[in-house]
Every structure is written in structure tokens, then in C-alpha cells.
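Right, one structure below, let's go through it.
The values are calculated or read from the model by the stated rules, or taken from the named source; none is laboratory data. Small disclaimer: the values here were computed from a predicted structure and weren't measured. Please note: Cβ atoms are built from the backbone with ideal geometry, for glycine as well, and neighbour counts cover all protein chains shown.
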Amino acid sequence: MTYTSVLTEIRGRVGLVTFNRPQAMNAFNAVMLGELFDALEAFDRDENVGAMVVTGNEKAFAAGADIKEMAEASPFEMITQGRVEKWDRIRGIKKVVIAAVSGWALGGGCEFALSCDMIVASETAKFGQPEITIGVIPGAGGTQRLARLLGKNLTMEMVINNRTLTAAEALQFGLANRVVPVERYLDDAVALAEEIAGRAPLAVHMAKDAVNAAFETTLTEGLKTEKRNFYPLFSTEDQKEGMKAFIEKRKANWKGK
Ligand code: HXC
């Protein structure tokens, strides 16, 4: 597959997608957004890939949706083009996706990072939802995912008054998993993804699905989902192998079956 606005490569067992619109601070135009999800879905199907990393460049992870592309749009065009729904493709990705964020993660850039499963940030990362400054609001999940992560008041400040979070704040408030020097953020994200790629694939999938359920439902329903995901793992070869390997004091050899 040839892409124009993202770059793809496989490092070890990690599928890496890099935004490639540096001249526009990696703003998401329709082409880049489509290619991002095409690439992630291709990696999701690829047996050689166990986990994924999405990154931008040191200055900008992504500065949001392309303002120039939507400046003159009518509501009708926005709706018929499914401008917001297109971002939901991230929810169909089964393998773990890690955002490696340096510099600006604004608007849709912040929202996409939040839609990933984990965030590794450089010390220069800045997270914000500046849509209010251009007369709109977040449309790719920012109001909901930030509120679930940060609580109401800080989310209100970010969404209504363009409060940005530094990398240190993102770590403090649980938005970033870790913050590392800028020279290391990508390598560390890839190393984390490689570690995850080395785990029992079906268990990783069930775990991701169960944790995500916590953001969708009540505790009672969430616990049911956890049980529904827990029991079937006992029908897998990997469960038998994992427990046997523990008892035999050796490393497990996962088959993904
Ligand atoms: C289109 C953008 C852009 C964007 C930057 N550029 N962000 N183009 N859409 N979101 C372009 C600039 O126009 C400029 O192009 C070039 O990238 C470099 O940007 P500068 O502003 O000159 O750089 P700098 O001064 O370093 O400032 C960086 C920045 C700023 C802080 C990231 O660019 C900025 O505030 N960008 C907009 C952020 C934003 O409002 N995002 C929310 C978008 S709405 P030229 O041609 O002049 O060199 C959104 C809603 C999502 O995301 C909902 C889902 C549909």
C-alpha cells in the first residue's frame, strides 16, 4: 500500500505509523485521516505485527483537524461526509495502539491520542482542545474521553478556556503513561509496544476489550464483560502453556491460539 500523508514501517513486531504533513503541523486532512486508519487496519490484520505505535514529529504530534479544509463547510457537508464518524475507526482496532507524542497534540490530535490505548510522551508534549478559539467544540471524542480521564472541572477548563496540559501535568493527571526525554519518546513507545507484542495475543485482546468496557457501562455490566472475557481464555492453548510454563519455571511460548 502506498500512502502520501503517513509513513509506515514494521520494527520487530511493532507496526509504526508516522504522520507526514510536517508543513501543516500534521493537521488531519481527509487523506491523512483515511490513510492513518487504513494503515492501522492493515497492521491489525498482519500476523507479523503484535502492537502498533502512532507518532508525529518532535514539534507536532498533530495540530488537529485541518482547519483550512473545513473552514467553508456547511453542517450538511460535514454530516454527509461523516467528518466526525470517520474518527471512530480507531474503535475497531483490536491490537494495542500506543501514541508516541512530542510537541503539539491539539484538537483532533489530542483526541486521537486519547483514543489510543496508551500514551508515551516526550517532555515537550502539550495537550489541548483549542476548538473554542475557532468557534467550535471538540468533535472526535475530546469532551467525553477527557472528562472520563480528568474529571469534569479540568475538562471544562480545557474545552471552554483552551487550557493546555504540559507533559508533566499529563503524567500527573493520568493522561500520559510516561514522560521521557525527547530523544527517547519514540524508541520507548516502540519498546513498550514490543513488550506487549510479546504477550499472549488473545489475552491482550480480551484485556483491552474489558478495560474499554469500563468506559461504556455500569460496574455490574463491566464486571459481566470481564467474566465473559476471562472464562473463554481457559479454552486457549496459550492459557495452558502460560500456566504450565509458570509451574515449570520457564518462559511461555505463545501461539496465539
Ligand atoms: C490547518 C494548520 C493547522 C490546522 C497548523 N497549521 N495547524 N493548518 N489546520 N489544524 C498550519 C499553519 O496554518 C501553518 O501553515 C503551518 O501549519 C505551521 O503552523 P504555525 O501556526 O505557523 O506554527 P506555530 O506558530 O509553531 O504554531 C503551532 C500551533 C498552531 C500552536 C500548533 O499552528 C495552531 O494553533 N494550530 C491550530 C490548532 C487548532 O486549533 N486545532 C484544532 C483544530 S479543530 P502556513 O501555510 O501558514 O505555513 C479540530 C476538531 C476535530 O481538531 C474534530 C473532528 C472533526
Go through (1) exposed (fewer than 11 other Cβ atoms within 10 Å of the Cβ); (2) of a type outside the set (A, V, I, L, M); (3) more than 25 Å from ASP44 (Cβ to Cβ) and name the single condition TYR231 misses.
(3)
Looking only at the stretch 209-220, count every residue that is surrounded by 12 or more Cβ atoms within 10 Å (Cβ to Cβ) and either among the hydroxyl-bearing types (Ser, Thr, Tyr) or part of a helix (DSSP H, G or I) (or both) and tell me the total.
6
Reported set for the stretch 155-187 where residues are part of a helix (DSSP H, G or I), crowded, with 21+ Cβ neighbours inside 10 Å and touching a residue at least 40 places away in the same chain (Cβ under 8 Å) is ALA167, ALA170, TYR185, LEU186
Can you confirm whether the stretch 60-78 contains a residue that is within 12 Å of the ligand (Cβ to nearest atom), modelled with pLDDT under 95 and surrounded by 18 or more Cβ atoms within 10 Å (Cβ to Cβ)?
no
Residue tally, condition within 16 Å of the ligand (Cβ to nearest atom) and assigned to a loop (DSSP other than H, G, I, E, B), over the stretch 136-154
6
Any residue in the stretch 211-223 that is within 13 Å of ARG91 (Cα to Cα) and modelled with pLDDT under 95 sitting within a Cβ distance under 8 Å of a residue that is among the hydroxyl-bearing types (Ser, Thr, Tyr) and not in a helix (DSSP H, G or I)? List the pairs, counting only those 6 or more apart or interchain.
none
Condition first: in a strand (DSSP E or B), within 15 Å of the ligand (Cβ to nearest atom) and surrounded by 24 or more Cβ atoms within 10 Å (Cβ to Cβ). Now tell me which residues in the stretch 109-135 satisfy that.
PHE127
So which residues in the stretch 87-108 are under 22 Å from ASP209 (Cβ atoms) and either surrounded by fewer than 16 Cβ atoms within 10 Å (Cβ to Cβ) or near the ligand (Cβ under 10 Å from one of its atoms) (or both)?
TRP87, ASP88, ARG91, GLY92, LYS94
Count of residues meeting criterion [charged (D, E, K, R), closer than 21 Å to ALA189 by Cα and over 19 Å from the mean Cα position of the chain (by Cα)] in the stretch 32-82
1
For the stretch 17-31, the count of residues that are surrounded by fewer than 23 Cβ atoms within 10 Å (Cβ to Cβ) and under 14 Å from the mean Cα position of the chain (by Cα) equals 1
